[in-house]
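Read-outs throughout are calculated quantities, based only on the coordinates presented, and are distinct from any laboratory measurement. Everything numeric in this text was worked out from a predicted model, so none of it was measured. Positions of Cβ are backbone-derived with ideal geometry, glycine not excepted, and every protein chain shown enters the neighbour counts.
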Amino acid sequence: MTHLRGIKPPAQRDSNALKKAPPAPKHLSAYARAEWKRILPGLIERGIIIKGDLGGIEELCIMRGHVREIEAALQADPLDKVLFGMLNRAAQTARQLSAEYGLTPTSRARVGAGTGNDDDDDSPNPLNIGRNRRNG
């Protein structure tokens, strides 16, 4: 099993990036469709999603939809351990998929979203390795 730990390459705008968000697939639940409509515009704006990525985005939306559906079921029976386990696994999968597309704070930093233009930094040491934190 391969683990992708450590420094990951930054995502960059793709020349084949989608320009417009396609409609949500019809088979998605209402929660999953709402998630599709919520996240896809930002991904399109950043220019990192191509047509081939839509399956992964669909899976992310399905998982987040499952989280909402299971949470609703848990409200009726908050001590149901089976539902809680399902919720935990769906949430974990959703978090992992979210990170793949720069939808978590840490992964957004990695893909450079919302970090301003850092093209002006001529530092040959972009990771600040060996630098004194006080002196930058």
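Label-to-label distance, Ile50 versus Asn16, with points set 7 angstrom from Cα along the beta-carbon direction: 0.3 nm. Spin-label model, Ala73/Gln96: points 7 Å from Cα along the beta carbon direction are separated by 2.0 nm.
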